[in-house]
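This report refers to the structure that appears directly beneath it.
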Amino acid sequence: MQQEGSNNEIRDNGQSEQEQIESEQPGVDDSNDQDTEIFGILITEMGRAYAEFDGTNPLERPPLPKLKSSRKLAVVLCQLNKQILPEYLAHSNCIEQLHTLIYCAAVATVRTLGVKMPTQKITENSVKPITPKWEKRLERRTAEIRRDIGRLTQFTRGITTRKVRKQAMEIMQRLHHHSHQDATNINEWQCLDTLKQKLSVYTQRLKRYKASSHRKHDNALFQRSEKAFYRKLSSEPQEKSKTVPTKDQVEEFWGKQFGSTAYYNKCAGWITDEEAKSHYCNPMQYRAYTKQEIVDIVKQLHNWKAPGPDQIHGYWIKKLWYGCQDSETIQHVTGGCQAFAPTDYKERHDIAAKIIHQELAYKFKLIECKLQYYKYTPQCVLENDKYKLYWDRTVLTDQYIKQNRPDIIIVDKDAQKVTLIDVAIPNSNNLTYKHNEKVAKYRELEFQIKRQWKMKYVETIPIIMSSTGVIPRRLLENIKALELSENIYKIIQKGVLLATARIVRKFMGNAST
C-alpha cells in the first residue's frame, strides 16, 4: 500500500512540472513566425557572406567574435544544419570549399544575431610599439645633420641670400673642428665634408643599434614562447637575399682554381738570366754598430782622411754626441732617433706625401697647375664631380678605431673605390717590415669605410722609401698602381735625401757646440 501511494505522488508531481513548463513556453504561432523571420535573414546573410569570402585567402579573413549561448543561437544553428548548409554542400567537392562554407555560415550567424564583426584582420601587434629613447635621439641627430647639409650645399652652389648666408655661417661656426686631431675647418667645403662623415656615422650606428635591438627582442620572445616566435617569423615579410650559387656552380668555380696541378718552369730563361746577373752578390747581413765600436775604429784613423762610400769623414763620427738615449749610430740618427721624430722626421715624411698628393690632385684635375714640392701646401679636402682627395684628415667612424688617419685618401665616386695611401721613411733594413705593417694597420679602417661609405673596393697602398734613398721594388709597383709617372720616385728620392742631409747636419751642428 505504501509503494502504490508513493508512485501516485511521483506521477502527480511529474504532471504538475510538465504543466508548469508548458505554461512558461510562448505560443506556438509566435514561435513559428519568429523562426520564419530568422530563416529569411539567415538565407540572405549566408548568400552575402559566400559571395564575399568565396575564393579568398583564409589567413586574410576577419576573425570571428565569441557568441554567448541563447535560444536564438540554437534556432539559427538548427536551421543552418538542416535547411541551408545541405544545399551548399551538394556543390562542394574539396576541403577548401568545406572550410569556406563553415566560415560563411559562422559569419551569417554573427550577422543574423546582430553582433558587431570587425571589417578587417586585426594584427597581433595592434598596440603601437614604443620607440626607445636612443632611437629617437639618433633619428633627431640624423635629421639635423641632413638639414645642415642641405643648407650648406645651397651656400656652396652660389645661393647667397641673406637667410642662406646666415644659416651657413652659423653651421660653419658650429663645425669649427673636424676632430680633436685635425686642423680647423677653414672653408665651407671642409665643413660639408665633416657633416657628411658625421651623417654616415650616425646612420650606420642607428642601423647597428636597430639590428641589435631586434635580436634581443627575438631572443626574449623565443625564451618566452617558441610558438609566438615562429609565428612572427612566418608573418614577417622576408627580405630578398642575394642569389646563392648552386652546388654545381661552386664545384665548377673552385674546381678550376684547385682541381688541376700547376707546373711551373723553374728553368725559364729569365730566371737563369737574373741568377747570372746577381750570382756574385752576397746577401747583406745587417749589423747595428754601437757607439763604442765606432769610437774604437775611429781612434785608429785620421780625422780628415778620404771618406768611404758613405762620404762621411772620421771626424764627424767622433762628434756624433747629440744626447740620444740609444746608441748613436748613423742608422739611429737618420731613422730611429726619438728627438727628431716629431719635427725633422715628420717634415721629411710630409715632403714625400706632398709630392704624391700634388701629382694626384693634378691628375684628377683638382688643381690647375703644379708647384715645387717645397712650395706646395695641400688642402684638407679637394673634391669635384668624380673624385675626392683627403690630406691628413681623420675618418669619423661608428666604432672607435685607433688608426683612422691615413696620409692621403682617394675616393673614386664612379667606381665606388677608396684608396688609402700611407707614407713611411724607415731605415734600409726596415723596408719590408714597414710595408707589411702599413697594410695591416688600416685593415679595420678599410672595413669601416666600406660599410659606412657604401663602397665596393677599399685598399691600402704604402709608399715606402728608406731614409738614405733606397728604392724598394714595391715602391715602383705601388706608384704604377696609382697610375702616376714612374719618374716621380726620383723627385721623392731627392726630397728625402735632402731632408736626411739636413737632419745629419743638424745633429753634427749640435754636437760641435
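The values are calculated or read from the model by the stated rules, or taken from the named source; none is laboratory data. If you're wondering where the values come from, they're calculated on a predicted model, not measured in any experiment. Reconstructed Cβ throughout: ideal geometry from the backbone, glycine too, with neighbour counts over all protein chains shown.
Things worth noting here:
- Flag for LYS506 being of a type in the set (D, E, K, R), in the same structural domain as TYR362 (by TED's automatic domain parsing) and in contact (Cβ under 8 Å) with a residue 24 or more places away in the chain: yes
- Matching residues in region 63-101 - criterion: being surrounded by 10 or more Cβ atoms within 10 Å (Cβ to Cβ), of a type in the set (A, V, I, L, M) and closer than 20 Å to PHE53 by Cβ: LEU64, LEU67, VAL76, LEU77, LEU80, ILE84, LEU85, LEU89, LEU98, LEU101
- Meets criteria (touching a helix residue (DSSP H, G or I) at 6+ places or on another chain (Cβ under 6 Å) and of a type in the set (Lys, Arg)) for LYS370: yes
- GLU437 among the acidic types (Asp, Glu), exposed (fewer than 15 other Cβ atoms within 10 Å of the Cβ), within 24 Å of THR397 (Cα to Cα) and free of Cβ contacts under 8 Å to residues at least 60 places away in the same chain: no
- Any hit, region 3-26, residues being modelled with pLDDT of 80 or more and out of contact with any strand residue (DSSP E or B) (no Cβ under 7 Å at 6 or more places or on another chain): no
- Any hit, region 210-229, residues being in contact (Cβ under 8 Å) with a residue 60 or more places away in the chain and closer than 26 Å to GLN399 by Cβ: yes
- Residue tally, condition closer than 19 Å to TYR345 by Cβ and assigned to a loop (DSSP other than H, G, I, E, B), over region 417-476: 10
- Qualifying residue in region 173-186 (condition: surrounded by fewer than 17 Cβ atoms within 10 Å (Cβ to Cβ) and assigned to a helix (DSSP H, G or I)): yes
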